[in-house]
Each structure stands twice: as structure tokens, then as C-alpha cells.
Amino acid sequence: MITINIDKNAGFCFGVDEAIKTAEKELEDKKNILCLGDIVHNDLEVSRLKTKGLTVLSKQEFSEIKNTTVLFRAHGEHPKTYKIAKQNNIKIIDATCPIVVKLQKKVLEAYKKGRENEQIVIFGKTEHPEAISLSGQINDKAIIIENIDQITKINPNNPITIFSQTTMSKTKYEEIVSKINSLPIKYELRFNKTVCPQVANRDKDLELFSKENDVIIFVSGKKSSNGNVLFQICKNNNNNSYFISDLQELKKEWFVNKNTCGISGATSTPISQINEVKKIIEGFQL
């Protein structure tokens, strides 16, 4: 019989957990609620909340509604979004992660107190709502880079202050900082440690967890930036690693002649989904 191990670090991060709890409380009180964008990058969890009365709004739909209440998710929102809410008499239930709020303030402060021609650089996903909200704090003037190859966007002759989106890889962030420091930059690089501690500490733990098990099942929504980063760590350390976003994607043949299976997930994956995966694997009667 195969031994199934659940990653002790798996489950919602603090910010997402609080946003989900806020939504559930509102749904209990009001039976329905509007949310700007997917509350979490996990289709199964979004679907679960929709059955309880959650309605997801697009940016366009949000700009057209008035005199109502809207939940802002953990990722953070652009300042323009708050202006629209004020103009349209929209009450905001703000579930922005406190860590993201602090980071937004740090970006703005760095911009205001920056050196002449200071470049505010953000290591993050260009289309990710958090990165967009961070750049929005300084009128969209941040330079967003997704990987080490994009540091060519940075002018080495001007001062540089760098931040990271909270859900990015700590290791890759450090590699980018090291690469920038290896350039002939004219001013000292101002480096800020802004990867969320709950994410930053997972890299090495997940490496070890992947090596300790014969097969790894990683549960995440396909749109999760954090999920894609963490899964790659699994894959790099265990070739028998499989990414699933739906329980139906599990295949019995993945576990044949395997002694141990490790199950992990993104910070946007609830522990309930991981437990469901465990039950299905146990049902294969290996």
C-alpha cells in the first residue's frame, strides 16, 4: 500500500485565508456578494463560493455599477479602482492582504524619497493584480520584470530600488538582485526583502519534500502565479511530479510501483482540496 504524505506547509496563506473568511461571513449575512476578480486563483474554490452566492465582476462590469457593495480580494487593487468606487458610490469590503498593503506603502515611500531619476523595479508578473497594484501606487511608473533576462529594461546609469511581488520565488529574486549588482551600476542598489515569509520559506522545504517522495501531486489553479513557481520546484527535484487543477485529472498509473506519494499545493489551494486528492488516491487501492 502506498504511503501518502501531505506537505505540512500546504494550504491557504494568511491573506487568502482571511479573504475567503470575509467572503463567507458576508455570504452568511447577505446570501450574495459581488467580488472584483476571482477571489483566489483556484477555479474549484471560486466555483464553491459561487454556489453560495458569490458573483465575480470584471473590471469593466465594476466600472459600470453604482450604489452597491464590492469585495476587494487579497491581491490588492490599483488606486484608480478606489477612485471609481468613490465616484460610483460603491462600498468597499477591503480584503487586501496586510502584507501587500505594507508593500504598497513601501513602494510609494521609495518613490517619494528616491534619488534623482530613481527607477522603481518590481520583480513580478506583468498581468498579476498585485504587481499592477504596486506599480499603480506610483502612477504606473514602475519597471516590472518577470525574469532575469528582462533586467535589460533597467538603466544601469540611474539609481535602482527593487521590490518583489510577494508570491514570487525568493531564490529567483535573489538571482536577479545578484545579476543587477554584477552590472556596472553607478549607484548602490536598494534591495527590499518583500517576498511573503510564508512563500519565501517554502522553496527549500518543498525541494526536500519532493525528493523524499516517489511521486508528487501538486494541486493548484492554472492561473496561480505562486502555484506555477512552486510546482516548478517540485518538477526540478522529482521528475514524477504532476500538476492538477481538477480532481478528475488524477491517474492511477502515476502511482503504480510507488511506495510514497507527496501532496502539496499553492498558497491559493485550500487544505480541503488536498485532502480530497488523498481520498481519491487511497481509493485506487494500490
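Among the residues of segment 141-162, are any touching a residue at least 60 places away in the same chain (Cβ under 8 Å), open to solvent by 10 Å² or more (accessible area, probe 1.4 Å) and assigned to a loop (DSSP other than H, G, I, E, B)? Checking segment 141-162: not a single residue is touching a residue at least 60 places away in the same chain (Cβ under 8 Å), open to solvent by 10 Å² or more (accessible area, probe 1.4 Å) and assigned to a loop (DSSP other than H, G, I, E, B).
Among the candidates Val177, Val199, Val195, the residue that is touching a Ser or Thr at 6+ places or on another chain (Cβ under 6 Å), assigned to a helix (DSSP H, G or I) and either open to solvent by less than 30 Å² (accessible area, probe 1.4 Å) or not β-branched (Val, Ile, Thr) (or both) is uniquely Val199. Of everything in segment 86-140 that is in contact (Cβ under 8 Å) with a residue 60 or more places away in the chain, of a type in the set (Lys, Arg) and out of contact with any helix residue (DSSP H, G or I) (no Cβ under 6 Å at 6 or more places or on another chain), the residue that is most open to solvent (accessible area, probe 1.4 Å) is Lys106. When Ile39 is tested against (1) closer than 21 Å to Lys222 by Cα; (2) open to solvent by 20 Å² or more (accessible area, probe 1.4 Å); (3) of a type in the set (A, V, I, L, M, F, W, C), exactly one condition is not met: (2).
Scanning segment 29-87 for residues that are in a helix (DSSP H, G or I), under 24 Å from Ser245 (Cα atoms) and in contact with a Gly (Cβ under 9 Å, 6 or more places away or on another chain) turns up Asp43, Leu44, Glu45, Val46. Which one is nearest to Ile151 (Cα to Cα) among residues in segment 116-139 that are polar (S, T, N, Q) and part of a loop (DSSP other than H, G, I, E, B)? Looking at the filtered set, the residue picked out is Thr126. In summary, Asn9 fulfils each of the numbered conditions (1) assigned to a helix (DSSP H, G or I); (2) polar (S, T, N, Q); (3) surrounded by 14 or more Cβ atoms within 10 Å (Cβ to Cβ) with the single exception of condition (1).
The single condition among (1) out of contact with any helix residue (DSSP H, G or I) (no Cβ under 7 Å at 6 or more places or on another chain); (2) β-branched (Val, Ile, Thr); (3) open to solvent by 50 Å² or more (accessible area, probe 1.4 Å); (4) part of a helix (DSSP H, G or I) that Thr171 does not satisfy is (1).
Of the residues making up segment 233-253, those that are more than 29 Å from Thr171 (Cα to Cα) and either polar (S, T, N, Q) or surrounded by 19 or more Cβ atoms within 10 Å (Cβ to Cβ) (or both) number 1. For Ser264, the requirement of being modelled with pLDDT of 95 or more, small (Gly, Ala, Ser) and open to solvent by 10 Å² or more (accessible area, probe 1.4 Å) is not met.
The values are calculated or read from the model by the stated rules, or taken from the named source; none is laboratory data. Note that the structure is predicted; figures quoted are calculated from it, not measured. Quick reminder, even Gly has a Cβ in these numbers, built from the backbone with ideal geometry, and neighbours come from all protein chains shown. For the accessible areas, the whole protein counts, side chains as well, though only heavy atoms, and no ligand, DNA or RNA atoms are used. Shrake-Rupley method; radii C 1.70, N 1.55, O 1.52, S 1.80 Å.
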